[in-house]
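Peer 1: One structure, pasted below without further comment.
The values are calculated or read from the model by the stated rules, or taken from the named source; none is laboratory data. Note that the coordinates shown come from a computational prediction; the quantities given were computed from them, not determined experimentally. We place every Cβ from the backbone using ideal geometry, glycine too, and count neighbours over all the protein chains shown.
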Amino acid sequence: MSALTPPAVIGIVGGGQLGRMLAQTAQRHGYRTAVLTGGEERTPAGVVADIEIAAPFGDAAAAQRLVDCADVITWELENVDLGVADAASQAGVPVRPGRQVVAAAADRAAEKRALTAAGVPVAPYREAADPAELAAAVAALAGPLILKTARSGYDGKGQFRLPARGPEAPRSETFAELFERLGSVRLIVEQEVPFDREVSVVVARSLTGAIADHGVMENVHVDGILDVTRVPARLAGEVAAAARDLAARVARHLDVVGVLCVEMFVVGSELIVNEIAPRPHNSGHCTIEAAAAGQFEQQLRAVCGLPLGDGSCRPAAMAQLLGQLWANGEPPWSVALSDPGIHLHLYGKREPRSGRKMGHLTCVDATPGLALKRVLAARDRLGP
Ligand code: AMP
C-alpha cells in the first residue's frame, strides 16, 4: 500500500476544533482537506478546510460528496451516523480508523465489551435497557454508581450519580423515573472509581502497526469537562509504563490506524480504563508545542500511511478556555500573553456558550508543575 502524499485530500468527518487543528496541520504539510460538518456552516474546521460540506452526517448525498473528493476519510468525533464509512468502503476510499473502531467508541456498551475482550480492566458495570434491568444492575453493584447513557454522552453529559445504598438511595418505584430522566435509552451502570488521578494516553498507530505515544497526560475535570492537563503525569515509572502499554494494547486489539485516546483512572498502582476516543483528544493539546510530532501530525501521518514522527513530549501543561470566560465580552488576550511562553489557541467559535470549549492555553517549561502554574496564572489574568 503506497502512502498518500501531498496534495492528497484528507476527508474529515466533523467540523469542530479537533478537525480544525488537523486541517491546519494538513495544510502546513501541503495536503488539502474536506470537512463534513454535521450541518453548520463556517465551522471551526470548515473555515480552515479547502472544502466545507455543511450537511448532517446522515445525509447520504453529502457523505458521498465527501467520499468523492477525499483520498482518505478520518474522524474528529465519533458520535455520528456512520454512513460516510459505508459510502467510503463502497468507493474503495480508506477509512482510518475503521468503521468498527468508531462504532465501538460511540457506544459505551460496545466499548466496554471491546475493552474487556482486549483484556483491559474497566470499572465493574452492567447494561440496562429498561427500568427493571436498571433496578437489577443497581442491586448487583456495590457503592456509589454512575449511570451513563450508552450513546451520545460526552463531557459528563447523559450521566447521573447514584449514591451508595442507604436512606437516600432510590426505592424500586423510582427506577422508572430515573430511567425516564436519562431519556428512556440504553444505559451503562458502573461503579464509581475512587481514583487518585485521571490520566490519558494518546497513541498513534501506523498502517504498518508501528506505535508511538506522547507519554502519559494527567487530567483534571471540572463538571465532567476537561479543565487542565499536565504532561508527564505524576506517576511511578512502572505505572506510567503500564498505562502506555494498555493504550498500545487497545490500539492493536482494535486494529486502529490513526490516533486513539485512552482515558484511565489511577487507583494506587492499578489502572482502570474509563473510555476511548478514536481521534486526537483535548488532553493531547499540549503535544502541538511539546512534541516534535504532536497528535495532529501523528494522525495525519498515520492515516496517510506515512511513518510516525517523534511524539515524546517536553514537560508541558494546558488550560481549557470555556465559554463563560466571555461573560463580559472578548477576554483581554494581551494580558494572558504578557508571559512570553504562553501559547494561545482559539477555535473561532462565534457563540461563547457556558461550558463550550472555545480555546486553550499551553506552556512548555522545565517541569510540568512550572508549566501548569504559568497556564493557570495566564488564564486567571483573563478574568473570573
Ligand atoms: P466520561 O464522560 O465517561 O469521560 O466521564 C466524565 C468524567 O466523569 C470522568 O473524566 C470522571 O471525572 C468522571 N467519571 C466518569 N465515570 C466515572 C467512574 N466510574 N468513577 C469515577 N468518576 C467517573
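Peer 1: Kindly indicate whether A70 is without any contact (Cβ under 8 Å) to a residue 60 or more places away in the chain, among the small types (G, A, S) and under 17 Å from L300 (Cα atoms).
Peer 2: Numbers: without any contact (Cβ under 8 Å) to a residue 60 or more places away in the chain: no; among the small types (G, A, S): yes; under 17 Å from L300 (Cα atoms): yes.
When the stated conditions are applied, A70 does not pass them.
Peer 1: Which residues, taken from segment 127-154, are without any contact (Cβ under 8 Å) to a residue 12 or more places away in the chain and either more than 18 Å from A176 (Cβ to Cβ) or hydrophobic (A, V, I, L, M, F, W, C) (or both)?
Peer 2: Step one: filter segment 127-154 for residues without any contact (Cβ under 8 Å) to a residue 12 or more places away in the chain, giving 133, 136, 139.
Matches in segment 127-154: A136, A139.
Peer 1: Further question on the same structure: Of all residues in segment 102-126 being among the charged types (D, E, K, R) and without any contact (Cβ under 8 Å) to a residue 60 or more places away in the chain, which is surrounded by the fewest Cβ atoms within 10 Å (Cβ to Cβ)?
Peer 2: R113
Peer 1: Looking only at segment 179-192, decide whether some residue is outside any loop (DSSP other than H, G, I, E, B), touching a Ser or Thr at 6+ places or on another chain (Cβ under 8 Å) and away from the ligand (no atom under 16 Å from the Cβ).
Peer 2: No.
Peer 1: Sticking with this structure for a sec: Could you list all residues from segment 250-283 that are more than 16 Å from the ligand (Cβ to nearest atom), in contact with a strand residue (DSSP E or B) (Cβ under 9 Å, 6 or more places away or on another chain) and assigned to a helix (DSSP H, G or I)?
Peer 2: A251, R252
Peer 1: Can you pull out every residue in segment 193-232 that is of a type in the set (D, E), within 16 Å of the ligand (Cβ to nearest atom) and crowded, with 20+ Cβ neighbours inside 10 Å?
Peer 2: E198, E218
Peer 1: Now for a different question. Can you confirm whether segment 61-75 contains a residue that is hydroxyl-bearing (S, T, Y), within 30 Å of A243 (Cα to Cα) and over 19 Å from the mean Cα position of the chain (by Cα)?
Peer 2: No; the residues of segment 61-75 include none that is hydroxyl-bearing (S, T, Y), within 30 Å of A243 (Cα to Cα) and over 19 Å from the mean Cα position of the chain (by Cα).
Peer 1: Got a sec? Which of G237, G183, G268 is closer than 30 Å to A140 by Cβ and without any contact (Cβ under 8 Å) to a residue 40 or more places away in the chain?
Peer 2: None of the other options fit; the residue is G183.
Peer 1: In addition: Would you be able to say whether some residue in segment 175-192 is among the polar types (S, T, N, Q), touching a helix residue (DSSP H, G or I) at 6+ places or on another chain (Cβ under 7 Å), modelled with pLDDT of 95 or more and surrounded by 13 or more Cβ atoms within 10 Å (Cβ to Cβ)?
Peer 2: no
Peer 1: While we're on this one: Starting from segment 191-217, take each residue that is closer than 27 Å to Q159 by Cβ and list its partners that are acidic (D, E) and away from the ligand (no atom under 15 Å from the Cβ), counting only C-beta distances under 7 angstrom and pairs at least six apart or across chains.
Peer 2: These pairs meet every condition: V201/D213; V202/D213; V203/D213.
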